[in-house]
Every structure is written in structure tokens, then in C-alpha cells.
Amino acid sequence: MQDKIGVFICTGYGIGEALDIDALSKVAAEEYNVEFCKTVDSCEGPGLQSMNEDIKNEGLTKVVVAGISPRCYPDSAFPEEVIVEKIGLREHVVWSQPAGEEDTQMLAEDYLRMYLTKVQKMEPLEPFQPEETIDKGLLVLGGGITGMTAALEAAKAGYDVRLVEQTEKLGGWLAKQHKSIPTKPPYRELEDTGVDALIAEIEGNPRIKVYTSATTGEIAGAPGLFDVTVKSTGNGKAAGETVDTFRVGAIVQATGWRPKEPRNILGYGEIEDVVRNVDLEEMVKNKGRITRPSDGGDVKSIAFIQCGGTRDKEHHSYCSSICCLTSLKQAMYLREQDDDAKAYIFYEFIRTPGQYEDFYRRVQEDPGVFLTKGEVVSVDRGDGRLVVTVKDTMLGKQIQVQVDLVVLATGMTPNSADGEAIRALEDARVIMENGESEAQRKEAAEKVEQLKRHEGTAILNLAYRQGPDLPALEYGFPDSHFICFPYESRRTGIYPAGCMRQPMDGLGSRDDATGAALKAIQCVEMTSRGEAVHPRAGDKSYPDFFLQRCTQCKRCTEECPFGVLNEDEKGTPLLWATRCRRCGTCMGSCPERIISFKDYSVDMVASMIKAVNVPDEFEEKPRILAFLCENDAFPALDLVGQHRLQYSPFVRVIPVRCLGSFNAVWVTEALSAGYDGVLLIGCKYGDDYQCHFIKGSELADYRGDNVREKLEQMAMENERVELHQLQISEYEKLPEIFNKFVDLIEEIGMNPFKGM
Ligand code: SF4
Ligand code: SF4
């Protein structure tokens, strides 16, 4: 079908008064031969309705609307089958430039040229549909409270679930508990764990198939098409290993935690009566009583030591969230066992968030429980009992207490963490801070940086080019966008939940499990419609690789943040489209420029760059090209307009899906076209990155070396290209970045290639 392009120019919101609308229409009609160009007095309500009527009546296939910011339209504003590009004349021109000026008019006209050029090159989207049917079943790994809850929630929502548990029985840590902390008002009494009822519910649910004593041999494929091999020695039937293979659509990883092993701490490992909180729990659960491990004798007093090997630089630095509540609970076990017994809880901070504070108060009321702030400096075997020495107490002096048992409130390490790597990290941290020489400290700091890139352990066994497990942060918790997408991982369709995601209590684990199950369901449903999941949820584009020109350089396979691309034996990328988040990082990485989307490509952006009328004059009117990330910097530009902040009219903005999709060739294109400088503005990177696609700005920075090389080849100053990191909340900085850069360009002079 022949394309029919139409243009709507909105004259509302002050646009009609600030710009010469006839001149703008002429750009469409005379430069782009657009036959249908119409003004509307609003982009909303009746204005939007009239545009849609015209689109239908005129049979328009591609449309440019110059009016309000693209971000101000609802998703359903225009028919899905029509390609629509929107120019924010209101926010990006009229609200940020003086009305009626020549430069303001030039800016508006250039945007119209850029977007008319872009729509000419865009093609209708065809959602990705694999040849095989998308499977909507789920795999849940881990049969603890999180895994069981996720499985039940998904099954109740109508999805088939395979639940794989490594040990012989379902239940995880919940099954090892004697009692649970209170979960409901008035938060005073300990509760039954409810684990048996939960297991019975799982076993009675026909949608859930349980594998015990089982591990994943391999997970290959992609969302909707995951082929899973499970090796099992369980299910109590035939002896020996059984192997089952099946397909699922998405995965919840709830592989839980293990206790942090205390190292060099307070007699643990040397004195038998110094135990961990998990050991005490197991003792009560199995024996029904607390006794001394050394001789089985009665226990009349316990010292609970909070943060026992946690929350400091020598151990893991994070709070495991549940240890304080566990000690309070275990103090109650002792008091219930013996009215005369005494429980001492030594802490630096007691953390009982939310309504658990009521439980804390209830334990405080007990005259046999002594909560004392202070630092435990030693535990020694005394005359038959243990002597606990505590300094910096609120009494301002050192005290000693004799007890029968010491319980360390040890924290959680996710099972996805490599223990050796964590120990090496902790050791390096100590040397980094306390090393004797500068050189030692520096070497340790470098080691810390390396060790922070945690490789994870082989739990999932993914057949992915980028490795077998979820990429993890320094302590083995899966890497995710911690602000916007806490449930996500860097492997599409795999959702971490519970204490393998972050330390949490039982209630938190249940909530987390429900969230992860919903994310997994969302994933299979969106994948079956050929749509991207977050953060470009609903996007139907996907990258197309023109592999005839691929040089097997492997940049795309290495740089894709989500492990989407596998490789054949020669190194040619193999796209698993349903893993793709549509960030365009591969497009930015490819030196051959052979990766494109139907609505976003290197060529499309290059054509937009060239569509701008760059004045030939060397004395004035420079032209700056600014690539703004669509997630933060581009929305920040809307805020700049909304706050009527003014900036140089010489800047032409192109939004990009992520700075990771920025292809270095665009700089060459811009400088060859006569632009005087190029700005790249993306999200914050580093340990606390804010990039929705993990490392966009970082990659743009790294690719900056290519850019600098190109600048040198062209005998141009490096200063002509600048990279900035910006959060949406820092929108006031944008005009400053633009204006300072224009000043800098004026200082170093215009592009010598201008007009050539
Ligand atoms: S880099 Fe982004 S667009 Fe490219 S394959 Fe990976 S997820 Fe998809
Ligand atoms: S970056 Fe481009 S040339 Fe290199 S392997 Fe990927 S598709 Fe091929």
C-alpha cells in the first residue's frame, strides 16, 4: 500500500501566537510534498478527535503531529496501525524560547523536518511471533515459603506450575522453625508456622507438579520457550536419578538463603555453647527444649548477640532484616520454657520495622528479658558458664554477664552467592580501609572493584552466551533496577523473589512471591502477544539483524545488557527475540550498522540529523545536536518547558531509547553535516546506576573512545562531544548544560566542515 503522510499543526497552547504557522506548513508542503497538512486548535479532546477523523477519512498511513509533548498523549490516542510521530512544539519550542523570534521559528521548522524525515523511513510494526507456540506455564525454583506461595498464586490464577525443590521436602526454612513471629494484630503472640497446611495445599493443587531432591540440569531458550531439564532423585519412587524435560514460559527464582557463616567471631567454632540463631531454632524444633550443646545441661540464661557477624565491613555490610525479630522470638522460647530463665539481648540497634514494633514492646514488657545497647567484645569460657563482656553500654561502663548459652544473630547470604567470592571481598574491604601501606590499600581497592562484579553460582544453568545465572550485585543478590523495577533481573522472564532477592521476613516473602508470580504471568501474556515487557512494556518492535554483512565482531553479543544474543560457532549472533527488551544497545554497538528496528535505526536517526537546516555562517548561529535518553533526560526536557526555563535555540534534540543505542557514527554524521558539537545526556551509571537498561551511559562513555578517534581523524577538538548524566529530578540543569556547551563551542569556534 502506498504511504499517505499527513501533518497536523496545533495552534493551541500559545503555539499559534509564538510561531508562523503558515511558514511551518510550507515546510511540510514544499520541502516534503505533504498534501495533507492541517491546523488544529488542540491536541486533546475535540482536537484529538478531529485528527483521528481526518486520519480515517483521508486514509493517512503516517502522521506527524506538531503540538504537545509526545509524553502527554495516552497510548490509545491514535489508531495502532497508523505510524504517528509527535513533536513537542509546546514544551520543546514555545515554552522554552521567546515568541516570534527567527531562531524560535527555525527550531520549530527543523523539528518538523526531522520528524517528517523519520516517518518516511518508518515501517509498520509486526509483533514477533515465534514458529512454536508460546508456553504459558511457569517454573518455580525453590520450595520454601516464597516458592510455595509463588506456585500457589500462579496456579490459582490459572497457570500450570512446575515447582522444583533441591531438598527432599518442601518447606525450606519455614519448615525448620518452631514458631513464627506474630503476623497479625495485636502482634504479641508467637504463631504456628502454617507450613504443613501450605504444603498440603500445594500437593492438592492439580496445576502444580512438584519435584523434590531436584535441580535444574539446563535451562535453554527464552521467555515463552524455555526448555528446562530437571534432574531429580526424589519423589520417593524409583531409586536413582530421573531426568524430566519440559517447556515453560517464565521462571520465578526463589532459591532462598543460607546462614552467614560467622568468621573469627566471639568464640563461634571454638566454644560449643556459642551457636547461631538457626542452630537454636533447629534445637527447639527437633527437641522441643533449649539445652546446652556441650553437655545437654539446662539453660537458664542466654545472651543473644545482634548483628553477630553481619552489618560491618569485615562481614556482609547489609542488614538481614529478620535477625532482631528472631532473637526476640527465641527469647520468648526460653521464657516459655522456664519462668526463672533470663534472656539478655545485646544490640547496637534493634530493628523491628512497621507493626513488629508492637511485638518488640511485648517482649520488653517481660521482666526476664534484658535488652541492652552495647558492643560485645568477647565471649569466654568461665567457670562452667560463658562470660560475655560488653562495652559502651548505656550505663557508660563495661559489664560482664554469665550465661549458659550464647546465640549469634547471624544474617542471610543468598544461595545465589559464591561464598568464596564474598569472603575474598570482605577480606579485601578490610585491607582497603586498614592496609598498612598506600600500595596495599590501592591494590585491595582494585580487588574490591573486581569482586563486586559477582558471577553468581550455577543454580539456573542457563544456556546463555553471557553466563549460566542471573548477573548479581556484590553480595550475590541479582542485579536489577533498584528504584524502578525491584522484581526484575537482567534475564527477561526470570523473576527473583524472596530472600534471594533481598533479606526479608516471611510476610515480605509472601508478598514478594505474589509480585514475582504476577510478573511471570505478565511476561508470558505479553510475550504471547509479541510485546516487550518492562520498561518498554507493550513495544512491538524488535531488532532485525542483516547478517549478510555481519563481521562476527561479537560486540552486540557482549554488550546486550540482557543476554539476549547467543552465538553460533563462528560468532554470528543468534537472536532470541522474546528475551529482548528493545533498548537498542545492540544497534549502538554494531560497527557495521546492520541492526535496526522498524521504527528506530541508525539510518533513521542519521537522516534526522541531516534533515536539519544547518546555517552556513561561521560567525553566528551554531548548531548543537543533543541525544537525550527517553527515560530521564527527555522527560526532563518536558519539565524544563513546563517551568518555562529558557535555553539556547541552537540546540536540536533527538530522543534515544537509551544512550546504549547511541551509535558512534552519528557523531561523524553530525560533524560532517556542519553541526558544531554533540551532547549525549543519559542516566547515572556506576554502582548505583539509574539506567533502565543497566549500562547505557557507561557504554556511551566507553564508545566515546571511538568518537574521539573519529574526531582526531577529522582534526576536530575532543571538546566538541560531551557526555552528561542526568536524573529527571535534575531538570533545571538541562538549560545550563545546553547553554554552557553553546558558550564553549563559541569559544573554540565553529565546525570547519560547515557548508562543505
Ligand atoms: S541490546 Fe537491547 S535491543 Fe538489542 S538484543 Fe539486547 S535487549 Fe534487545
Ligand atoms: S555488532 Fe554487528 S557486526 Fe558485530 S557481531 Fe553484532 S551484528 Fe555482527
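Across segment 248-262, computed HN-Hα scalar couplings (Karplus, 6.51 cos²θ - 1.76 cosθ + 1.60, θ = phi - 60°) run 9, x, 7, 10, 10, 9, 10, 8, x, 9, 10, x, 5, 6, x Hz from first to last residue, x flagging Gly and Pro. Of all DSSP beta bridges confined to the chain, the antiparallel ones make up roughly 35%. Arranged from fewest to most other beta-carbon atoms within 10 Å of their beta carbon, I199, I302 become I199, I302. Each of R188, R429 has some number of other Cβ atoms within 10 Å of its Cβ, and from fewest to most they run R188, R429. Size check on segment 98-151: the Cα extents along the three principal axes, sorted descending, read 68, 33, 11 Å. When the Cα positions of P46, Q398, I15 are compared along the charge dipole of the chain, Q398 comes out farthest toward the positive end, with charges on each C-beta of Lys, Arg, Asp and Glu.
Put in line by how crowded their Cβ is, counting other Cβ atoms within 10 Å and starting with the fewest, F36, F634 read F36, F634.
Over all directions, what mean area does the Cα convex hull of segment 601-756 project, stated in square nanometres?
On the way: hull surface 34.5 nm².
Here the figure is 8.6 nm², rounded to one decimal.
Compute the Cα gyration tensor for the chain, then decide on rounded, prolate or oblate, letting a ≥ b ≥ c be the square roots of its eigenvalues: rounded whenever a/c is under 1.5, prolate when a/b is larger than b/c in the other cases, and oblate in all that remain. It is prolate, given that a/c is not under 1.5 and a/b is the larger ratio.
Given the convex hull of the Cα atoms of segment 392-525, what is a quarter of its surface area in nm²?
On the way: hull surface 53.9 nm².
With the hull built on Cα positions only, its mean projection is 13.5 nm².
What does the charge add up to near Y13, with Lys and Arg as +1, Asp and Glu as -1, over the other residues with Cβ less than 12 Å from its Cβ? So the surrounding residues net to -3. Tilt of helix 45-58 relative to the longest C-alpha principal axis of the chain, in degrees (0 to 90, nearest 10)? Here the helix axis deviates by roughly 60 degrees. As a rough guide to protection, the peptides 709-720, 92-103, 411-422 ranked by mean Cβ packing within 10 Å, highest first, stand as 411-422, 92-103, 709-720. For segment 249-348, a Kirkwood hydrodynamic radius built from all Cα pairs, placed in the Stokes-Einstein relation at 4 °C and 1.567 mPa s, yields a translational diffusion coefficient of 86 µm²/s. Diffusion coefficient (Stokes-Einstein, Kirkwood radius over C-alpha pairs, 4 °C, 1.567 mPa s) for segment 159-249: 85 µm²/s, rounded to a whole number.
In the calculated pair distance distribution of segment 331-436, what percentage of Cα-Cα distances lie above 22 Å?
On the way: 2882 of 5565 pairs.
Result: 52 percent of Cα pairs exceed 22 Å.
Taking a Cβ cut-off of under 12 Å around A537, the surrounding Lys, Arg, Asp and Glu residues balance to a net charge of +1, with basic ones at +1 and acidic ones at -1.
Summary of the geometry: segment 363-419 and segment 597-655, compared by the centres of their Cα atoms, lie 61 Å apart. Collect residues whose amide H, placed 1.01 Å from N in the peptide plane, falls under 5 Å from the amide H of V656; neighbours closer than 5 in sequence don't count. Residues meeting the amide H criterion: L628, C629, E630.
Helix 419-434 and the longest principal axis of the Cα set of the chain meet at an angle near 80°.
Applying the Karplus relation 6.51 cos²θ - 1.76 cosθ + 1.60 with θ = phi - 60° to segment 712-718 yields 3J(HN,Hα) values of 5, 4, 8, 6, 10, 6, 4 Hz, where x marks Gly and Pro. Between K442 and K740, the simple spin-label model (points 7 angstrom out along Cα→Cβ) gives 2.9 nm.
Here, each number is a calculation from the coordinates, and none is a lab measurement. Everything quoted here is computed from the prediction, not taken from an experiment. Positions of Cβ are backbone-derived with ideal geometry, glycine not excepted, and every protein chain shown enters the neighbour counts.
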